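Chemist: Supplied in structure tokens, the structure appears directly below.
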Amino acid sequence: MDMRTYRPEDLAAVMEIANKAWQEIRKMSRAALGDRISDLFHPGGDAVSKGIQVREQIESGLYHIAVCEHEGEIVGFITTRIEGFSGEICNNAARPGTGLKGVGQLMYQYALEYFRSRGVKVVQVTTGLDDAHAPARRAYERAGFTRRLESVTYFMELD
């Protein structure tokens, strides 16, 4: 497996990976928030909403995007951004069902080296505390993220 900088021709594969990887998270989110709120946040539908979000990040030009390749196939992607002394790992996912081990860890190490090369002093990553995000929490902890702040986000529908 190898990491490289994103190229425009990677967009379809990155969006597909994002949409597949977030399927369980979207199901959990819809169950927790209900249809009305979920539809407002994801008007294109749950099946494509994460791909759309990642495409918007790419098109904004504000993020560094990299992909992980295995035997010529994109098997993961990671988006990052830097603000002052702080770096953030944003959307990232490995292609579900490949059976490959270590895609996430390779991407996180790539991102950490990217941040180091640009003088970043602290890196953050945000994920959910629900069961659907448990694999992500384990992966971040394996990558060395040990300090954390917990929070909760409340929602209310208005008429």
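Chemist: Could we say that His64 is surrounded by 15 or more Cβ atoms within 10 Å (Cβ to Cβ), over 16 Å from Met15 (Cβ atoms) and touching a residue at least 60 places away in the same chain (Cβ under 8 Å) here?
Modeler: no
Chemist: I'm checking my understanding of the structure. Among residues of segment 74-95 that are over 13 Å from the mean Cα position of the chain (by Cα) and touching a residue at least 24 places away in the same chain (Cβ under 8 Å), which one is nearest to Tyr140 (Cα to Cα)?
Modeler: Top of the filtered list is Gly87.
Chemist: Any chance you could count how many residues in segment 42-58 are loosely packed, with under 14 Cβ neighbours inside 10 Å and part of a helix (DSSP H, G or I)?
Modeler: Count: 1.
Chemist: Let me ask something else about it. Are there any pairs with C-beta distances below 9 angstrom linking a residue in segment 118-135 that is closer than 14 Å to Met28 by Cα to a residue that is in a loop (DSSP other than H, G, I, E, B) and among the hydroxyl-bearing types (Ser, Thr, Tyr), with the two at least 6 apart or on different chains, and if so which?
Modeler: Taking only residues 6 or more apart or on different chains, the pairs are Leu129/Ser151; His133/Thr127.
Chemist: State whether one or more residues within segment 3-13 are at pLDDT 95 or above, more than 23 Å from Arg137 (Cα to Cα) and either surrounded by 19 or more Cβ atoms within 10 Å (Cβ to Cβ) or of a type in the set (Asp, Glu) (or both).
Modeler: yes
Chemist: Can I ask one more? If you scan segment 125-147, which residues turn out to be touching a helix residue (DSSP H, G or I) at 6+ places or on another chain (Cβ under 9 Å) and among the hydrophobic types (A, V, I, L, M, F, W, C)?
Modeler: Within segment 125-147, Val125, Leu129, Ala132, Ala136, Ala139, Ala143, Phe145 meet the criteria.
Chemist: Is it the case that segment 115-122 has a residue that's within 16 Å of the chain's Cα centre (by Cα) and not charged (D, E, K, R)?
Modeler: No - not one qualifying residue is present in segment 115-122.
Chemist: So which of Arg95, Arg138 is surrounded by fewer than 16 Cβ atoms within 10 Å (Cβ to Cβ) and either on the phi > 0 side of the Ramachandran plot or not hydroxyl-bearing (Ser, Thr, Tyr) (or both)?
Modeler: Arg138 is the lone residue from the list that is surrounded by fewer than 16 Cβ atoms within 10 Å (Cβ to Cβ) and either on the phi > 0 side of the Ramachandran plot or not hydroxyl-bearing (Ser, Thr, Tyr) (or both).
Chemist: Quick one: what pairs do we get from segment 33-51, first residue farther than 22 Å from Thr79 by Cα, second assigned to a loop (DSSP other than H, G, I, E, B), C-beta under 8 Å, 6+ apart or different chains?
Modeler: Between residues of segment 33-51 that are farther than 22 Å from Thr79 by Cα and residues that are assigned to a loop (DSSP other than H, G, I, E, B), the close pairs are Leu33/Phe155; Gly34/Glu157; Arg36/Glu157; Ile37/Phe155; Ile37/Glu157; Ser38/Asp46.
The values are calculated or read from the model by the stated rules, or taken from the named source; none is laboratory data. Note that this is a predicted model, so its numbers are computed, not measured. When we count neighbours, we look across all protein chains shown, and the Cβ atoms used for this are built from the backbone with ideal geometry, even at glycine.
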